[in-house]
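Student: Pasting a structure below so you can have a look.
The values are calculated or read from the model by the stated rules, or taken from the named source; none is laboratory data. Since the structure is predicted, the reported quantities are computational estimates derived from the model, not experimental observations. Reconstructed Cβ throughout: ideal geometry from the backbone, glycine too, with neighbour counts over all protein chains shown.
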């Protein structure tokens, strides 16, 4: 599957860390209340999932069966972030004021 994160819109009052665990040089921090350039592929490898740290906590993301799923570090069910209907597809990370994470098609 060819899916990427291409940008971060951070509406929160805290810095957001976007960590690419396959290639750490592509990891970025996103300023509060701003848009930041970030770019990385979402991998199908469960042990190298990218992660996003917001004021709510740490979320790992992965693609699985034509969906992008998030999993918070503190547990709970996986969160459906997007259904993929075609590829290639780019998404912008959307961080809400309270640190929730969603994806917007680019």
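Student: Six or more apart or on different chains, Cβ atoms under 8 Å: show the pairs whose first residue is in the stretch 62-84 and over 19 Å from residue 104 (Cβ atoms) and whose second is modelled with pLDDT of 90 or more and in a loop (DSSP other than H, G, I, E, B).
Tutor: Close Cβ pairs satisfying both conditions: 71/78; 72/56.
Student: In this structure, is residue 92 under 11 Å from the mean Cα position of the chain (by Cα), assigned to a strand (DSSP E or B) and surrounded by fewer than 18 Cβ atoms within 10 Å (Cβ to Cβ)?
Tutor: Judged against the criteria, residue 92 is a match.
Student: What's the number of the condition residue 22 fails, among (1) surrounded by fewer than 16 Cβ atoms within 10 Å (Cβ to Cβ); (2) more than 20 Å from residue 106 (Cα to Cα); (3) out of contact with any helix residue (DSSP H, G or I) (no Cβ under 9 Å at 6 or more places or on another chain)?
Tutor: Checking residue 22 against (1) surrounded by fewer than 16 Cβ atoms within 10 Å (Cβ to Cβ); (2) more than 20 Å from residue 106 (Cα to Cα); (3) out of contact with any helix residue (DSSP H, G or I) (no Cβ under 9 Å at 6 or more places or on another chain), the one that fails is (3).
Student: Oh, and also: Take the residues in the stretch 95-106 that are assigned to a loop (DSSP other than H, G, I, E, B) and touching a strand residue (DSSP E or B) at 6+ places or on another chain (Cβ under 8 Å), then tell me which one is farthest from residue 10 (Cα to Cα).
Tutor: Taking the stretch 95-106 and keeping what is assigned to a loop (DSSP other than H, G, I, E, B), we get 96-100, 106.
Adding the requirement that they be touching a strand residue (DSSP E or B) at 6+ places or on another chain (Cβ under 8 Å) leaves 96, 99-100, 106.
On the way: 96: 7, 99: 9, 100: 10, 106: 15 Å.
Across the stretch 95-106, the extreme among qualifying residues is 106.
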